[in-house]
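*Asks:* Before I ask anything, here is the structure I am working with.
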Amino acid sequence: MKVAIVGGGVLGTMHAWHAVRRGHEVVHLERETEARGASVRNFGLVWVSGRAAGPELATALRARELWERIGAEVPGVGFRANGSMTLVRTEAEWAVAETAAARPDAAERGWRLLDAEAVRSVNPALRGEFLGGLHCARDGAVESRVALPALRAALEPSGRYRWVPGREARDVREGAVRDDTGEVHGADHVVLATGAALGGLVRELAGPLPLRRVWLQMAQTAPLGEPLSTSVADADSFRYYPAYEPASLAEHQPQPPVAAEHKMQLLMVQRLDGGLTIGDTHAYAEPFPFDEVEAPYDHLTEVASALLGRPLPRIERRWNGVYAQCLDPAAVAYHATVTPGVRLVTGPGGRGMTCSPAIAEQTAEELSW
Ligand SMILES: Cc1cc2nc3c(=O)[nH]c(=O)nc-3n(C[C@H](O)[C@H](O)[C@H](O)COP(=O)(O)OP(=O)(O)OC[C@H]3O[C@@H](n4cnc5c(N)ncnc54)[C@H](O)[C@@H]3O)c2cc1C
């Protein structure tokens, strides 16, 4: 079978992975000269911990298994099973963590509630003031900036994979994709993994979609100078992830004004070069800003320094990113046949890096690849 994939982000690349592995021939188009969307701007967190029970958790757990397997085959993706620690600093935060740790599926998520001393024995770089932490052994991380080229390089020796960067798909129909050089790529199946590009070709084919776009701010620091052995979250993450409902932090503890205004949490993951990726903010109203706002970085620096018990290393890079998210919170991603032979897969929201191997596997199974 011939498969044409449009979009060189993680969803497109994971579709290519599954198609090639199943023996098919893949042509993979990306309009930029290298992927530059959400998939290279994210934390690289393979984040199981806060997922809603049911299909979302099942998808994340399956994806975590696939990432580990792929990471063993392709060391360049930088997969590590480093786990995460969500630190709690107040009694109200401790109460939410305690409720979470008592969930019937806590063991499946790899959750354990630890006091401050136990937190430090798992992650000695956390020398700040806190009561304890919710440790999630299932969480992992990958290196987003290099994972996609590494996956593509692993597909090349098959002789069935053709990466075509710098080409925008302009006309997509059953059996063919025409790019902006006029080349026509014949295919039995076409997958559009076009990310947050909801206008243009996607709107022509699919009309208005039940998706929204979300804009986030991120940063990366100089090397920490020591290992941060788990990824780290602050307790503001209890406000956003469904697994912590209905124990609501909002009723008991107002969020700091900057964090509330920018819908923030602290997430922090160490890159393989020792630097820390920190974020994030969330904005939903378009048009999105074209510049980064400084106040959220001041807040992230203050919280991260307090948890580390030392000044955060200097921020060396700042950027923003946009992802597409399904309006239906129960949908893990948007899958639809938009015209015969053409499948659109997008909208995994803030869990797309985590879930992509399993989302693409679902397409492969549904299309009998
Ligand atoms: C700042 C930030 C942090 C995040 N952190 C995490 C995290 O830590 N863990 C997690 O699980 N998820 C995270 N996410 C979410 C995750 O990054 C996304 O859900 C995921 O990357 C979406 O992948 P994608 O392939 O659908 O989109 P993209 O990566 O945006 O890729 C789509 C690609 O399609 C191309 N394209 C579009 N139209 C065409 C066309 N007509 N022809 C050719 N090419 C086209 C685009 O150029 C783009 O490269 C984060 C997102 C952001 C923005």
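*Asks:* Which values, in whole Å and largest first, are the semi-axes of the equivalent ellipsoid of the chain obtained as the square root of 5 times each eigenvalue of the Cα gyration tensor?
*Replies:* Whole-Å semi-axes of the equivalent ellipsoid: 36, 20, 20.
*Asks:* Could you sort the peptides 328-341, 224-237, 22-35 by per-residue average Cβ neighbour count (10 Å cutoff), highest mean leading?
*Replies:* 224-237, 22-35, 328-341
*Asks:* So how much accessible area does Glu68 have, in Å² to the nearest 10, using a 1.4 Å probe?
*Replies:* 90 Å²
*Asks:* If you split all Cα-Cα distances of region 274-369 into 10 Å bins from zero, what percentages do you get per bin, shortest first?
*Replies:* Taking every Cα pair in region 274-369, the percentages come to 12, 32, 27, 20, 9, 1.
*Asks:* As I understand it, the dipole of region 158-275 uses +1 on the Cβ of Lys and Arg and -1 on the Cβ of Asp and Glu, about the Cα centre. Which of Ala260, Gly275, Thr194 lies farthest toward its positive end?
*Replies:* Thr194
*Asks:* What accessible surface, in Å², does a 1.4 Å probe find on His252, ignoring ligands, DNA and RNA and rounding to the nearest 10?
*Replies:* 130 Å²
*Asks:* May I pose another question? Mind checking the per residue accessible area of region 133-284 for me, 1.4 Å probe, whole number of Å²?
*Replies:* Ligands and nucleic acids excluded, the result is 40 Å² per residue.
*Asks:* Could you list the residues of region 50-90 with an amide nitrogen less than 12 Å from a label point located 7 Å from the Cα of Glu108 in the Cα-to-C-beta direction?
*Replies:* Residues 51-62 qualify, since their backbone N sits under 12 Å from the label point.
*Asks:* Next question, about the same structure. Relative to 2.2 N^0.38 Å, what does the C-alpha radius of gyration of region 187-326 come to as a ratio? Two decimals please.
*Replies:* Relative to the 2.2 N^0.38 Å estimate, region 187-326 comes out at 1.24.
*Asks:* Here's a follow-up. Kyte-Doolittle cut-off -1.0, length cut-off 24 Å along the helix's own axis using Cα: show which whole DSSP H helices in the chain pass.
*Replies:* Those that clear 24 Å and a mean of -1.0 are 55-73.
*Asks:* Summing -39500 (n - 2.57) over the DSSP H runs of n ≥ 4 in the chain and dividing by its residue number, what mean residue ellipticity at 222 nm do you reach, to the nearest 500 deg cm²/dmol?
*Replies:* The helix contribution divided over the chain gives -8500 deg cm²/dmol.
*Asks:* Report the gain in length on full extension from Val146 to Thr339: 0.36 nm times residue separation, minus Cα-Cα distance, nm rounded to one decimal.
*Replies:* Details: separation 193, 0.36 × 193 = 69.48 nm, distance 3.33 nm.
Going from the current span to full extension adds 66.2 nm.
*Asks:* If you roll a 1.4 angstrom probe over the protein chains with everything in place, what fraction of the accessible area of region 178-219 belongs to carbon and sulfur, to the nearest %?
*Replies:* With neighbouring chains kept in place, the figure for region 178-219 is 48 percent.
*Asks:* Round to the nearest 10 and report in Å² the accessible area of Asp171, as given by a 1.4 Å probe over the protein chains' heavy atoms.
*Replies:* Solvent-accessible area, nearest 10 Å²: 40 Å².
The values are calculated or read from the model by the stated rules, or taken from the named source; none is laboratory data. Note that the coordinates shown come from a computational prediction; the quantities given were computed from them, not determined experimentally. Here Cβ is always computed from backbone atoms with ideal geometry, including for glycine, and neighbour counts include all displayed protein chains. Just the protein is used for accessible areas: all its heavy atoms, side chains included, with ligands, DNA and RNA removed. Shrake-Rupley method; radii C 1.70, N 1.55, O 1.52, S 1.80 Å.
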